[in-house]
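Trainee: For reference, the structure I am asking about is given below.
The values are calculated or read from the model by the stated rules, or taken from the named source; none is laboratory data. Bear in mind the structure is a predicted one, so any value in this text is a computation, not a measurement. Neighbour counts are summed over all protein chains in view; Cβ atoms, including those assigned to glycine, are modelled from backbone coordinates with ideal geometry. Just so you know, the surface numbers come from the protein's heavy atoms only, side chains and all, with ligands and any DNA or RNA stripped out. Shrake-Rupley method; radii C 1.70, N 1.55, O 1.52, S 1.80 Å.
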Amino acid sequence: MFSVIFPGQGSQMVGMGKEFFDKFDIVKNLFKEADDTLNFPISKLILEGPKDKLDLTANTQPAIFLISYSIYNVINKEFNIDLSKAKYFAGHSLGEYSALSCAGYLSFSDTLKILRIRGDAMQNSVPKGQGGMVAVLGSTVETIEKILKDNEQNLSAQIANDNSEGQIVLSGKIEDLDKLIIVLKENNIKNIKLPVSAPFHCNLMNKATNIMSEELNKLNFIKGDNKLISNVTAKEISNTNELKDLLIKQIENRVRWRESVINMINNDINHFIEIGPGKVLSGLVKRISKEVKIDTINNQGDIEGLKI
């Protein structure tokens, strides 16, 4: 059995999806629809840049979704490979929106609009330069949780992403992260400050949670046929009310990607298909399990080699 997975922020690059745009009318039409829906030439930004503008969270989120959705449709409609037979649809952070849209829970235009709002809300939740993220390498969630608990009087930080074995990302105020880096070094734990503009998936995103709560409750979620895996619980979900609630919680809560992949494998998944720019999730899945098959779909040749 297979799962379809969708990448999150950080996978963007200028020119992503250009091969599909050049070759398939279906993609040209989706790019045009995206421009019209957002009232902004996001297609030009994706294909031509500039990179610093594409990297703005409010642009990055709908842009990555547009590429993932376009590739998904090319696979299904141009190559007649039925990805709706997937047991699960899952995505990392914003990728969860790509998953639920491709699985039929939310329309293409509604997903574009909500991701534009989400990106803007997350970007503006904390004044620029006050929050950040740190990647911790070669440690365990249990070890990091203990360090955070032991130091909670002096600093406040949260686990934002539990990505794979030995890759955890922390979020918080810059001053707290700087103190935490010293503690990590004392414990011989390797860490890297990430080049992000905001502390995603922690309680500093509270303003964004309030905005998204209001906006998500306006949306019309459709009952899809496929099961999704929630970032917040790492468990399967198909109830639309519960889905809405978990998408609101997702803003401030840990992305449980490692647990999500393990749970899918424990439920008979032996093949993961990553759809979207880059191959970040494929790399994470490989670190979690050497036993599963992984396909990364970035170009037409990848689709031609795809067997499900």
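Trainee: Got a sec? Which helices (runs of 4 or more DSSP H) wholly within the stretch 41-147 have at least 1 residues that are touching a residue at least 40 places away in the same chain (Cβ under 8 Å) and open to solvent by 20 Å² or more (accessible area, probe 1.4 Å)?
Mentor: So the answer is 57-73, 108-123.
Trainee: Same structure again: Any residue that is within 28 Å of ILE81 (Cα to Cα), in contact with a helix residue (DSSP H, G or I) (Cβ under 6 Å, 6 or more places away or on another chain) and among the small types (Gly, Ala, Ser) - is there at least one of those in the stretch 216-230?
Mentor: yes
Trainee: Within the stretch 222-260, take every residue that is small (Gly, Ala, Ser) and in contact (Cβ under 8 Å) with a residue 40 or more places away in the chain and give me the one that is farthest from HIS201 (Cα to Cα).
Mentor: The qualifying residue farthest from HIS201 (Cα to Cα) is GLY224.
Trainee: Here is a follow-up. Evaluate the stretch 1-19: report whether one residue or more is open to solvent by 70 Å² or more (accessible area, probe 1.4 Å) and without any contact (Cβ under 8 Å) to a residue 12 or more places away in the chain.
Mentor: Within the stretch 1-19, not a single residue is open to solvent by 70 Å² or more (accessible area, probe 1.4 Å) and without any contact (Cβ under 8 Å) to a residue 12 or more places away in the chain.
Trainee: Failed condition for ILE192, given (1) open to solvent by 20 Å² or more (accessible area, probe 1.4 Å); (2) under 21 Å from LYS149 (Cα atoms); (3) of a type in the set (A, V, I, L, M, F, W, C); (4) assigned to a helix (DSSP H, G or I), with all others met?
Mentor: Here ILE192 clears every test but (4).
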